[in-house]
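> The structure under discussion is supplied below as C-alpha cells; questions concerning it will follow.
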Amino acid sequence: MLSPVLDMAASHAVAYMRGVGERSVFPKANRIERLRQAMDADLPDSPTDSRDILGFLDEYVAPATVASTGGRYFGFVTGGAMPVTIASHWLATAWDQNCFSHASSPAMAIMEESALRWLLQLLELPENCEGTLVTGGTMANLTCLAAARNAVLGEYEWDVERNGLSGAPAIRVVVGEQAHASIYKTLGLLGLGRDRVVSVPADSQGRMRADLVEQAEGPTIVCLQAGNVNSGAFDPADRIIPKTRRPGVWIHVDGAFGLWARAAGSLRHLARGMELADSWATDAHKWLNVPYDCGIALTRDPAALRASMSANGDYLMSSGTRDAIHVSPENSRRARALDVWVALKSLGRQGVAELVERNCSQARLMRKCLEQAGMEVLNHVVLNQVIVSCADAGITSSAIRMIQDGGVCWCGSTMWNSRPALRISFSSWVTTEDDVRRSAEAVIQAFRKSGWES
C-alpha cells in the first residue's frame, strides 16, 4: 500500500495546487459546515483503509481550506509556498529526520549550517553570527530575547541559568508604541513582564521616534521593528542604535517580513543601520515563500545564544560540531533547513530581490487603483502593506466583511489611529498584476455596496 497511498496523496495535492487560483479565496460557509458535520463522529473501533482516509480529506477538508497559496490572498503577510519548496517539504517529511544534532541527522545539520550562512550573506549581516530555525516569528523573538536577557544580566554578574530571575537586577525593556504583539507575548514568556516596558511614542506611520528614545541605564533590551505590521514602516535604527549602544544593552530587531528588504537593492535603505543590532528575528514562511512553519533567529553573540538554549544529557551524544539542540529552544525539530536551503538555491540573490521588489510594486499598484477610485489609503506605501479606510467606521467594517466573505480576495482587518481599516499585505510569489487589479475592483465595489461614495 505504500506506493499507491503516496501516489494518491501527490495526485490530490497537485490537483489542489493547479486549481487554487480558481477557488473562492476564503471557503464558503456551507463548505465549512459540511466539514464540521463530517467531523462530528466518534473514534472508530477498527482501522480505516488509507485510501478512504485520503478520499475523505480531499472531499471534505480541502474544500474548507483557505486558498492562501493562491495569488489573491493578502492576509497576515503570508507567503505562497513555491512548488520547489513544497516538493522539498514532501521529501523532508518522507525522510522524517529529527534535526536536533549531527548525531540525529548529519545531513540536516550540514544543510542548516549552509542555509544559515546563506541567510547571513543575503541579509548582509555579520558572518560570525549564530542562528537557528524555529516555528515562526514569535519563537524567533523569544530565542533572541532569551539570549538578550541572559547577556545583559551577565554584564551585571548575574547568571540567569543558575539563579533564575528572582533577585536579579531589573531589566529595562524599550519598545516602540506600535511594537508587534509577539514581542509582548515573548516578554511574558521570559518573565520580563508585558506591562513593564518603556513604550516610546511612534510617529504617524508607526515608527519609533528616535528623538524620544532616552539613553539606557542598567541592563537594557531595546526592541526595534523592521516593517510595522500595518504600515510596513521601519524604526530608524541608524539613529536609535548609536544613541543607545553601550555595555549592558542588547538591541534586537523584530523583522518578520521587513528584514527581507535588506535583500533588495531598491529597498535596503529602509533597514539602514539594522545590521548594527545584536539579534534579528524573521520568517522564511513569509517572503521566502517556504511552507509553514519556519522562523529564523540570528544573534551576533553565539556564546549568549548557546548559554540560553543549551541542553545537557549523557544520552545526547555530543558530536563535537554544531548541534542545533544547543542553540534552539526545541529539542525534537523538523527539517526546516531543507526548505530554506532549497528556496535560496532556487531563487539566488537576484530571485529573492526580484520577488520582494515585485510584491512591493504590486502594493503600490494597489494603492494607485484605490486612490484613483477616490479611496483613502492611510499609510505611506513604502514596502508591501496597504491600509485603506473611509471616514465612516460602519461602512468600513461592512466592506471588510463583504470582501472577506466574497471570495475574490482575502484581506485582514486592523485598527489604525483608532479607525477600523482594511489591511492588504503582499508577499506571495504567485501574485500577478491581474490579481492586484481584480482584487482592487472587489475592494472598491465592496465599499460602494456598503454605502461609500467617492
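The values are calculated or read from the model by the stated rules, or taken from the named source; none is laboratory data. On a predicted model such as this, the values are computed, not experimentally measured, just so you know. Quick reminder, even Gly has a Cβ in these numbers, built from the backbone with ideal geometry, and neighbours come from all protein chains shown.
> Looking at this structure, is Arg349 assigned to a helix (DSSP H, G or I), of a type outside the set (Val, Ile, Thr) and not assigned by TED's automatic domain parsing to the domain that holds Ala109? It would help to see each step written out before you state the result.
Numbers: assigned to a helix (DSSP H, G or I): yes; of a type outside the set (Val, Ile, Thr): yes; not assigned by TED's automatic domain parsing to the domain that holds Ala109: yes.
In short, yes.
> Here are some conditions: (1) surrounded by fewer than 22 Cβ atoms within 10 Å (Cβ to Cβ); (2) under 16 Å from Cys99 (Cα atoms); (3) in contact with a helix residue (DSSP H, G or I) (Cβ under 9 Å, 6 or more places away or on another chain). Ala335 meets all but one. Which one does it not meet?
(1)
> Something else about it: Filter segment 307-322 down to the residues that are buried (at least 16 other Cβ atoms within 10 Å of the Cβ) and of a type outside the set (S, T, N, Q) and list them by number.
Step one: list which residues in segment 307-322 are buried (at least 16 other Cβ atoms within 10 Å of the Cβ), which gives 307-309, 316, 322.
Passing the criteria: Ala307, Met309, Leu316, Arg322.
> Look at segment 1-52 and say how many of its residues are outside any helix (DSSP H, G or I), of a type outside the set (Val, Ile, Thr) and in contact (Cβ under 8 Å) with a residue 24 or more places away in the chain. Reasoning before the result, please.
Of segment 1-52, the ones outside any helix (DSSP H, G or I) are 1, 23-28, 40-49.
Those left that are additionally of a type outside the set (Val, Ile, Thr): 1, 23-24, 26-28, 40-47, 49.
Those left that are additionally in contact (Cβ under 8 Å) with a residue 24 or more places away in the chain: 1, 23-24, 26-28.
Residues meeting the conditions: 6.
> Among the candidates Glu214, Glu155, single out the residue that is within 29 Å of Asn312 (Cβ to Cβ) and among the charged types (D, E, K, R).
On the way: Glu214 fails: within 29 Å of Asn312 (Cβ to Cβ).
Every option except Glu155 fails the conditions.
> OK, next. Residue check: is Leu116 surrounded by 15 or more Cβ atoms within 10 Å (Cβ to Cβ), under 23 Å from Thr282 (Cα atoms), out of contact with any strand residue (DSSP E or B) (no Cβ under 6 Å at 6 or more places or on another chain) and in contact (Cβ under 8 Å) with a residue 60 or more places away in the chain? Quick ask: steps written out before the conclusion?
Details: surrounded by 15 or more Cβ atoms within 10 Å (Cβ to Cβ): yes; under 23 Å from Thr282 (Cα atoms): yes; out of contact with any strand residue (DSSP E or B) (no Cβ under 6 Å at 6 or more places or on another chain): no; in contact (Cβ under 8 Å) with a residue 60 or more places away in the chain: yes.
In short, no.
> Also, I was wondering about something else. Do we find that Phe56 is aromatic (Phe, Trp, Tyr), surrounded by fewer than 17 Cβ atoms within 10 Å (Cβ to Cβ) and not in a helix (DSSP H, G or I) in this structure?
Values: aromatic (Phe, Trp, Tyr): yes; surrounded by fewer than 17 Cβ atoms within 10 Å (Cβ to Cβ): yes; not in a helix (DSSP H, G or I): no.
In short, no.
> Considering each of Ala373, Ala335 in turn, give the residue that is in the same structural domain as Thr186 (by TED's automatic domain parsing) and not basic (Lys, Arg). Write out each step before concluding.
Working: Ala373 fails: in the same structural domain as Thr186 (by TED's automatic domain parsing).
On inspection, the qualifying residue turns out to be Ala335.
> Would you tally the residues in segment 53-73 being of a type in the set (Lys, Arg) and without any contact (Cβ under 8 Å) to a residue 60 or more places away in the chain? Before you say what the answer is, go through the steps one by one.
Restricting attention to segment 53-73, the residues satisfying the condition of being of a type in the set (Lys, Arg) are 72.
Next, only the ones that are without any contact (Cβ under 8 Å) to a residue 60 or more places away in the chain stay: none.
Summing the residues that are of a type in the set (Lys, Arg) and without any contact (Cβ under 8 Å) to a residue 60 or more places away in the chain in segment 53-73 gives 0.
> Mind checking which residues of segment 354-379 are closer than 19 Å to Ala233 by Cβ and not in a helix (DSSP H, G or I)?
Glu376, Val377, Leu378, Asn379
> Follow-up. In segment 16-53, what residues are among the polar types (S, T, N, Q) and exposed (fewer than 14 other Cβ atoms within 10 Å of the Cβ)? Even if it seems obvious, please write down each step before you answer.
Step one: filter segment 16-53 for residues among the polar types (S, T, N, Q), giving 24, 30, 37, 46, 48, 50.
If the condition is that a residue be among the polar types (S, T, N, Q) and exposed (fewer than 14 other Cβ atoms within 10 Å of the Cβ), then Asn30, Gln37, Ser46, Thr48 are the ones that fit.
> Give the residue, chosen from Ala94, Ala140, Ala147, that is in the same structural domain as Leu192 (by TED's automatic domain parsing), touching a Leu at 6+ places or on another chain (Cβ under 7 Å) and at pLDDT 95 or above. Before you say what the answer is, go through the steps one by one.
On the way: Ala94 fails: touching a Leu at 6+ places or on another chain (Cβ under 7 Å); Ala140 fails: touching a Leu at 6+ places or on another chain (Cβ under 7 Å).
After applying the criteria, what remains is Ala147.
> Shifting gears a bit: Pick from segment 407-454 the residues that are in a loop (DSSP other than H, G, I, E, B) and of a type in the set (Ser, Thr, Tyr): which of them is surrounded by the most Cβ atoms within 10 Å (Cβ to Cβ)?
Step one: filter segment 407-454 for residues in a loop (DSSP other than H, G, I, E, B), giving 407-409, 417-418, 426-432, 450-454.
Going one step further and asking which of them are of a type in the set (Ser, Thr, Tyr), we end up with 418, 427-428, 431-432, 450, 454.
Values: Ser418: 6, Ser427: 29, Ser428: 27, Thr431: 21, Thr432: 14, Ser450: 19, Ser454: 10.
Checking each candidate, the answer is Ser427.
> Here are Leu344, Leu370, Leu355: which of them is aliphatic (A, V, I, L, M), farther than 26 Å from Arg207 by Cα and surrounded by 20 or more Cβ atoms within 10 Å (Cβ to Cβ)?
Working: Leu370 fails: farther than 26 Å from Arg207 by Cα; Leu355 fails: farther than 26 Å from Arg207 by Cα.
Just a single option satisfies the conditions, and that option is Leu344.
> If you don't mind, there's one more thing I want to ask. Those residues that are among the aliphatic types (A, V, I, L, M) and under 13 Å from the mean Cα position of the chain (by Cα), I need them from segment 222-252; list them, please.
Ala226, Val229
> Scan Glu214, Glu161, Glu155 and give me the residue that is surrounded by 15 or more Cβ atoms within 10 Å (Cβ to Cβ) and of a type in the set (Asp, Glu). If you could, list the steps in order and put the result at the bottom.
On the way: Glu214 fails: surrounded by 15 or more Cβ atoms within 10 Å (Cβ to Cβ); Glu161 fails: surrounded by 15 or more Cβ atoms within 10 Å (Cβ to Cβ).
Just one listed residue meets the conditions, Glu155.
> If the requirement is being at pLDDT 95 or above, surrounded by 15 or more Cβ atoms within 10 Å (Cβ to Cβ), in a loop (DSSP other than H, G, I, E, B) and polar (S, T, N, Q), which of these qualifies: Ser88, Ser68? Please lay out each step first, then the result.
Working: Ser88 fails: in a loop (DSSP other than H, G, I, E, B).
Of Ser88, Ser68, the one residue that is at pLDDT 95 or above, surrounded by 15 or more Cβ atoms within 10 Å (Cβ to Cβ), in a loop (DSSP other than H, G, I, E, B) and polar (S, T, N, Q) is Ser68.
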